[in-house]
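The values are calculated or read from the model by the stated rules, or taken from the named source; none is laboratory data. Nothing here was measured: the structure is a model prediction, and the numbers come from that model. As a convention, Cβ positions derive from the backbone with ideal geometry for all residues, glycine included, and neighbour counts pool all protein chains shown.
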Amino acid sequence: MEKEEKHYLYVLIVAALLINAITVSPLIPWQGWTFWSKPTPTSAFDISICNYQFTLPSGGIRAKVSEPVKFVVTSCDVTYGFGVFHKSGRMLFQIQVLPNYGNEIVWIFDEPGSYTIRSTEYSGPEHPFMVLPDAITVVP
Amino acid sequence: MTMSKAPMTLQVLSLRYAVVAIVFLALAGIEGMFMRTQLSNISVNVPGVITIPMTPEHYYAMLTAHPLVGAYGWAYLAVFAAFYFLVPTLTKKPLYSMRLANGHMWMHIVGLLTVWSAGYFLRFGSLYTVYWPLPVVRFPPVSVVAFAVGLALVELSVLCFIFNLFATILMRSEASPLPKGVALHSLLMASFGLDGMVRSLRGLFGRKTALNGGTHAPDPEPLPVFVVAVMRGSIDAVLNAVVLAGAGVLMLVFTLPTLLTGLRLDPLIIDPLVYKNVFWWGLDMIADGDVLIWVAGTLYLLAPILTNRPLYGEQVVRYVILTDLIVSMGVWSHHLLSDRPQPDWMRLISGQFITWGEFFTMGLSFFSVLMTLWLARPLKFNMPMKFMLGGIMGFALGGGSGLLQANFAVNLVMHNTQWVPGFHIHQMLLTGLSSILFAAIYALLPMLTGTGLKSERLSNLHFWLWTIGGVGMAFSMGLAWRDGMLRRTLYRGVEMYLPYMNAATFFGVVLALGFLAFLVNLVRTYGLRTLIALFIPSIAKPK
């Protein structure tokens, strides 16, 4: 291996280690609770999807800022997505919803307000219409 | 270039493939532009052909065909064009079967047109991902059958290509008098990149050969590194073809009984997560195997040809080829980072850490090529050189964004947003892969026809418009991620994403104009009649 190649390889190694260490660490806020601490949720919401239709818990979805809540999403037919969006349009998080599985995620909201649910995975031609505005209410 | 009724030559074969590839690129581009107009809320009505806005069924059928036409029609056939000429030429052997090469080109064309028709006429719109059980739940059985048969023909064509290349290299000839068994052994060693390692170990332990006083036969001349990369990529291509053909068979198993007897099998007896793992393992053999290693191989060939000096760090490159085999087989979980039932350790190790292996393999490949150019200064910036550098830039931009989305933490806020098709896929395929393919076409045309393209001005226009259009479109799409715009989603009546989508449409037009400059140059240089005569020799001008 030539000298220049070795130096270049060292640069690649340092860059790779640095970026991976930072992104695996709790420096990425949600990494703290989705991967490291895994806190016990204060409430859980079961959501089912069948033939393009979301079915939410009968009491709606209400969460408190800074409290971990669990979403359990199931599908009866094909793979969908479950994404939660801020009023500004920004996506907070999303997961895939596989049929035959309980697809779970724990989330901690950091801002009160209303949030939109949208399917984030293509599930057929009606996919673009799978959106529920203001489906989640987060209170202080 | 003139055509006559002379027997098929490697040059004619290669040109045929290149012309068909360019036609498919045009088709993929037209589809792409129709979809851009859809996302920009532009109305277009061509009676009897297309109406924009389309119905969602039509849009998603087009979205299903677009990547398949682009990947298998343009990229694969352009690669076939180059390799069918270069591999026999570099190994100094005739092509194993000219008839097979010509035959499977037609099989490929019929297969792709069948796939395209399944969408356009029968509205099959399961996307190229065909997540189980979507195809058999949502779409008419006849469309599923048409799609599966078309896909099977394309994959069979790919297998024919690989067979033909391997058979060519294994063939005994005066230039390669090795016994067949030895040739096979050397080829397999080279395909897995092990030949360099064995040579190094022998050197380390000082094995004596006939050349330095020993009794062992001297090691055979190593295969050119380009050929090693071609063979290495072929392993991925075979595995990919088998897995995709398997997905097609599964669709047929669940669709044919419904079509023939009305019997409906429960598709969920196939586990969607297991299917997704197997499918992405196979599909990634293209994205993270073929594309990377075949492109790297093309660069390993182009750089020395364009600079007239040996490839810098060739031995390291041989190890890179071996390493990439392992990497390409281990990265598939980066497509399942958002699938929570997939175990954390798989998502982290396969999805993120192994994917970073590509940072090293492609990083070292580019370094080797760029050092070769650097040491050859002053460089002549001809068209292959410009496109090669543009392609490396495209891969660097698209690859970097790919690494970011293939991240355990970041994927949670990025998966299935416009970041993926914008910053990553279109950057990789248009600015990266396509530019490298254009570099190869510009370099090969003089070898195949005896003359390069006539107008340097049009060639330069092609380069600049293609590069600016490709980068601009990728960035315009990708930036829509910030505002939460998803991929594969129509936003009828939503205005917040229009600035991004309108910019993407504008740059798409710039890109198309670049391609048009190339087409005009091609036709002005060789004449439309000559290009058609590649397929119908009887219409060639008499000599």
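Structure notes:
- Residue check, B:Val471 in contact with a helix residue (DSSP H, G or I) (Cβ under 7 Å, 6 or more places away or on another chain) and modelled with pLDDT of 95 or more: yes
- Scanning region B:255-275 for residues that are within 30 Å of B:Arg347 (Cα to Cα) and assigned to a helix (DSSP H, G or I) turns up B:Pro267, B:Leu268, B:Ile269, B:Pro272, B:Leu273, B:Val274, B:Tyr275.
- Of all residues in region A:8-29, those that are part of a helix (DSSP H, G or I), of a type in the set (A, V, I, L, M, F, W, C) and surrounded by 11 or more Cβ atoms within 10 Å (Cβ to Cβ) total 10.
- Of all residues in region B:342-368 being over 24 Å from the mean Cα position of the chain (by Cα) and among the charged types (D, E, K, R), the one that is nearest to A:Lys6 (Cα to Cα): B:Arg347
- Selection status of B:Phe387, aromatic (Phe, Trp, Tyr), more than 28 Å from B:Val278 (Cα to Cα) and modelled with pLDDT of 95 or more: yes
- For region B:128-144, the tally of residues that are in contact (Cβ under 8 Å) with a residue 40 or more places away in the chain, crowded, with 18+ Cβ neighbours inside 10 Å and outside any helix (DSSP H, G or I) stands at 5.
- Condition check for B:Pro499: surrounded by fewer than 22 Cβ atoms within 10 Å (Cβ to Cβ), assigned to a helix (DSSP H, G or I) and within 14 Å of another protein chain (Cβ to nearest Cβ): yes
- Residue identified as without any contact (Cβ under 8 Å) to a residue 40 or more places away in the chain and basic (Lys, Arg) among A:Lys70, A:Lys64: A:Lys70
- Boolean, B:Ala118 is more than 19 Å from the chain's Cα centre (by Cα), within 27 Å of B:Ala287 (Cβ to Cβ) and not in a loop (DSSP other than H, G, I, E, B): yes
- Members of region A:30-42 that are within 11 Å of chain B (Cβ to nearest Cβ), surrounded by fewer than 13 Cβ atoms within 10 Å (Cβ to Cβ) and in contact (Cβ under 8 Å) with a residue 12 or more places away in the chain: A:Lys38
- Lone qualifier among B:His462, B:His415 - being part of a loop (DSSP other than H, G, I, E, B), in contact (Cβ under 8 Å) with a residue 24 or more places away in the chain, crowded, with 24+ Cβ neighbours inside 10 Å and touching a Leu at 6+ places or on another chain (Cβ under 9 Å): B:His415
- Subset of region B:80-106 (residues that are out of contact with any Ser or Thr (no Cβ under 8 Å at 6 or more places or on another chain) and crowded, with 22+ Cβ neighbours inside 10 Å): B:Phe80, B:Phe83, B:Leu86, B:Ala101
- Criterion violated by A:Val78 - all others in (1) touching a helix residue (DSSP H, G or I) at 6+ places or on another chain (Cβ under 7 Å); (2) not assigned by TED's automatic domain parsing to the domain that holds A:Ile117 satisfied: (2)
- In this entry, B:Leu379 is excluded by the filter for residues that are on the phi < 0 side of the Ramachandran plot and within 10 Å of chain A (Cβ to nearest Cβ).
- Test: B:Leu519 is touching a helix residue (DSSP H, G or I) at 6+ places or on another chain (Cβ under 8 Å), surrounded by fewer than 22 Cβ atoms within 10 Å (Cβ to Cβ) and under 28 Å from B:Tyr60 (Cβ atoms): no
- When the test is whether a residue is among the β-branched types (Val, Ile, Thr) and not in a strand (DSSP E or B), A:Thr120 passes it.
- Residue within region B:328-350 that is facing chain A (nearest Cβ under 9 Å), closer than 30 Å to B:Gly452 by Cα, modelled with pLDDT of 95 or more and touching a Gly at 6+ places or on another chain (Cβ under 9 Å) present: no
- Being within 14 Å of chain A (Cβ to nearest Cβ) and under 24 Å from the mean Cα position of the chain (by Cα) is a property that B:Gly400 has.
- Hey, A:Val106 modelled with pLDDT of 95 or more and in contact with a Lys or Arg (Cβ under 6 Å, 6 or more places away or on another chain) or not: yes
- All of (1) at pLDDT 95 or above; (2) within 11 Å of chain A (Cβ to nearest Cβ); (3) within 22 Å of the chain's Cα centre (by Cα) hold for B:Met371 with one exception: (3).
- Only one entry of B:Leu479, B:Leu490, B:Leu511 meets the criterion of being within 14 Å of chain A (Cβ to nearest Cβ) and either closer than 30 Å to B:Leu86 by Cβ or part of a loop (DSSP other than H, G, I, E, B) (or both), and that entry is B:Leu490.
- Residue in region B:391-398 that is modelled with pLDDT of 95 or more, surrounded by fewer than 23 Cβ atoms within 10 Å (Cβ to Cβ) and under 20 Å from B:Ile321 (Cα atoms) present: yes
- Of the residues making up region A:87-99, those that are touching a Ser or Thr at 6+ places or on another chain (Cβ under 8 Å) and not β-branched (Val, Ile, Thr) are A:Lys87, A:Met91, A:Gln94, A:Gln96, A:Leu98, A:Pro99.
- Enumeration of residues in region B:43-66 that are in a loop (DSSP other than H, G, I, E, B) and touching a residue at least 40 places away in the same chain (Cβ under 8 Å): B:Pro53
- Filtering region B:465-474 for residues that are over 20 Å from the mean Cα position of the chain (by Cα), surrounded by 20 or more Cβ atoms within 10 Å (Cβ to Cβ) and outside any helix (DSSP H, G or I) leaves an empty set.
- The residue that is farthest from B:Ser333 (Cα to Cα), counting only those in region A:93-126 that are within 8 Å of another protein chain (Cβ to nearest Cβ) and among the charged types (D, E, K, R), is A:Glu126.
Let's see how each residue does on (1) more than 14 Å from chain A (Cβ to nearest Cβ); (2) of a type in the set (A, V, I, L, M, F, W, C); (3) in contact with a His (Cβ under 8 Å, 6 or more places away or on another chain); (4) more than 24 Å from A:Tyr122 (Cβ to Cβ):
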{"position": "B:Ala75", "(1), (2), (3), (4)": "yes, yes, no, no"}
{"position": "B:Met107", "(1), (2), (3), (4)": "yes, yes, no, yes"}
{"position": "B:Val115", "(1), (2), (3), (4)": "yes, yes, no, no"}
{"position": "B:Val136", "(1), (2), (3), (4)": "no, yes, no, no"}
{"position": "B:Ser143", "(1), (2), (3), (4)": "no, no, no, no"}
{"position": "B:Ala146", "(1), (2), (3), (4)": "yes, yes, no, no"}
